[in-house]
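Below is one structure, written out as structure tokens, with a few remarks after it.
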Amino acid sequence: MEHAKVGVREKEEIPIYHPRRKERRNKYACACAIIASMISILLGYDTGVMSGAMLFIKEDLKITDGEVEVLAGILNICALLGSLTAGRASDWIGRRYTIVLSSIIFFLGSLLMGLAPSFPVLISGRCIAGVGVGYALMIAPVYSAEISSPSSRGFLTSLPEICISFGILLGYVSNYFFAKLPLIYGWRSMLGIGALPPIILAVGIWKMPESPRWLVMQGHIKDARDVLVRVSNSREEAELRLKEIKGAAGVDESCTGDVVKLTKSTRGEGVWKELLLRPTPPVKRILIAAIGIHFFEHATGIEAVVLYSPRIFKKAGITTRNKLLVATMGVGLTKTFFILIATFLLDRVGRRPLLLTSLGGMIVSLSGLGLGLTMVEHTEERLVWAISLSILTVFLFVASFSIGLGPITWVYSSEIFPLKLRAQGASIGVAVNRVMNGTISMTFISLYKAITIGGAFFMFAGISILAWMFFFFLCPETKGRPLEEMEEVFSKKWLYSRPVNRERFEMGNVEAELTSK
């Protein structure tokens, strides 16, 4: 190996670099991922602000509990339409312009909600915003994953979830301050101010490059190389990444032309057949893993806690409106704080350990919450321990979710699909995510009235046990693996698919290149 290294140096072909050498994280890639992820703030804000706004909307527009459920969940049902079309749109117009499209749609929806004179107009605005949310949820993690190096992909791809949590927190804060306005203006201000972030985001989008993987799929090799040089830690890493992307896109790896004509379709045609009708065994396993992780993210009850936290705290014994809104802000702070911790652990600890630990904490906290709320509801005297247990386990549940299942859902599902199938495969996962989110949002009040609020959280605890088993047996580790190797990861036995050290891509590939020289 030493002789090979010396020979390469003398010929000045590929300079040697060592991944353990201290290198700063690529600031340009981070900036691009942050800007792309900012679109997710819109979803978070809408979810957070609606939890408090519903209290005022119900009072102002005199709507029923059933209409409250529809108002809470309709955004996610409409997001289903957005997510199913976003994959094809991003293959057609590119990842960057899909983010632009999402911002425009959400701006129109937020403006309509803020000006809504009646419940039907409010629902219409929420439906339009929902389509924008579907686009945003699909495109932000896909774009972040495609510009990231394997060593930092977990961190950058989890940024959308951070932005969702930050948006939820902003929504809670908005509830608290705008609640002081007259009733007719308060909730409209809460919803209408959501039109501002898309305007700010539009300025940053024009500074973002297109995804290098999408550029290669269109045959624009030079443009892809230029982007990779800017988002990689070194020119050598950029060339290695380009080589693997070309191979995945069906481009001859030795091709040096600036623009090549691809023989295969690159606009997303035929992808649904490869995903659903004739999938290879690895693709079938990838699809099951992606659908499963999106299903369990919301089937375990996070939307019930985030969206209906004022009702839960009220059931637990907090009665005044101000205290309810302050406690709800505490949920937002907890969610944001623990997701920030998760982002720094994803590329160090790995996806599986965090995921399984997260589910373990969720099982314990949901069981405790179910017990506490059951005791409060069925005991006439004030049980301080049960009230304290209920409040504590709400925060423990949110923390457990945020340290693993929350961010990893988006990281994992955006990185496991092959290049050609990635956008539309991710859109299927987002569609499942929105269906489950909408289902929980629109049925939680009816559910806890039918089986008691404590029983509802015992049910979520049981689903969390099933989720733990699903992730243990069907979701292999992906930490440190290049996106182009994911089919290989899922072609092995799922449980025993060996985790790869995060330096493997850079070091292993460089050494292979040098040896071959």
Based on the Cβ-Cβ distance from LEU356 to ALA450, what FRET efficiency comes out when R0 is 25 Å, to the nearest 0.05?
0.20
So for the pair ASP258, ASP226, with labels modelled 7 Å out along Cα→Cβ, what separation do we get in nm?
0.9
Under a plain spin-label model, where a point goes 7 Å from the Cα along Cα-to-Cβ, how far apart in nm are LEU115 and THR439?
3.7
With just the Cα atoms defining each centre, how far is the range 334-407 from the range 104-143? Give it in Å.
30
What is the helix-to-structure angle for 504-516, meaning the angle in degrees between its Cα long axis and the longest Cα principal axis of the chain, kept from 0 to 90 and rounded to the nearest 10?
10
Would you work out the relative contact order for the range 146-253, in percent, from Cα pairs under 8 angstrom that are 6 or more residues apart?
22
Taking R0 as 30 Å and r as the Cβ-Cβ distance between TYR176 and ILE93, the FRET efficiency 1/(1 + (r/R0)^6), rounded to the nearest 0.05, comes to 0.15
Express in nm, to one decimal, how much length is gained between GLU274 and GLU488 on full extension, taking 0.36 nm for each residue of separation and deducting their alpha carbon distance.
75.3 nm
Within the range 49-83, whose backbone N sits under 19 Å from a point 7 Å along Cα→Cβ of GLU377?
65-66, 69
Per residue, the convex hull volume that the Cα atoms of the range 290-344 enclose (Å³)
76
Along the charge dipole of the chain, pointing to its positive end and built from +1/-1 on Cβ of Lys, Arg, Asp and Glu, which listed residue (PHE155, SER51, LEU183) has its Cα farthest out?
PHE155
Relative contact order (%) - criterion: Cα under 8 Å, at least six apart; region: the chain:
23
In terms of the charge dipole of the range 169-323, which places +1 on Lys and Arg and -1 on Asp and Glu at the beta carbon, the residue among HIS298, LEU240, GLY204 farthest towards the positive end is HIS298
Selected from ALA399, LEU421, GLY368, residue furthest toward positive end of dipole (the range 297-431; charges at beta carbon)
LEU421
Free-standing Cys, the chain [no other Cys Cβ under 4.7 Å]
CYS30, CYS32, CYS163, CYS255, CYS475
Each label point is 7 Å from the Cα along the Cα-to-Cβ direction; what then is the distance between the points at TRP206 and LEU474, in nm?
4.6
What angle do you read, to the nearest 10 degrees and between 0 and 90, between the alpha-carbon axis of helix 183-192 and the longest principal axis of the chain?
10
For the chain, the per residue accessible area (1.4 Å probe, Å²) is 39
Length released on extending from ILE63 to LEU466, taking residue separation times 0.36 nm less the Cα-Cα span
141.4 nm
Express the carbon and sulfur contribution to the solvent-accessible surface of the chain as a percent, rounded to the nearest whole number, probe 1.4 angstrom.
65
Here the relative contact order (percent) of the range 308-452, from C-alpha pairs under 8 Å and at least 6 apart, is 27
A correct Kirkwood calculation over the Cα atoms of the chain returns a hydrodynamic radius in Å of 23.6
Set the Förster radius R0 to 41 Å, insert the Cβ-Cβ distance between VAL384 and LEU196 as r into 1/(1 + (r/R0)^6), and round the FRET efficiency to 0.05.
0.45
Neighbours of ALA316 by Cβ distance under 13 Å: Lys/Arg at +1, Asp/Glu at -1, summed charge +4
With a 1.4 Å probe and all protein chains in place, put SER118, SER491, SER148 in order of accessible area, largest first.
SER491, SER118, SER148
What does the convex hull of the alpha-carbon atoms of the range 105-227 project to on average, in nm²?
9.0
Can you tell me what the convex hull of the Cα atoms of the range 157-255 projects to on average, as an area in nm²?
8.6
Rounded to the nearest 20 Debye, what is the dipole magnitude of the chain about its Cα centre when Lys and Arg each give +1 and Asp and Glu each give -1 at the C-beta?
220
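The values are calculated or read from the model by the stated rules, or taken from the named source; none is laboratory data. For clarity, every value in this text was computed on a predicted model and none was experimentally measured. Here the Cβ is made from the backbone with ideal geometry for all residues, glycine too, and neighbour counts use every protein chain on show. When the accessible area is computed, the model is the full protein with side chains, heavy atoms only, and any ligands, DNA or RNA have been set aside. Shrake-Rupley method; radii C 1.70, N 1.55, O 1.52, S 1.80 Å.
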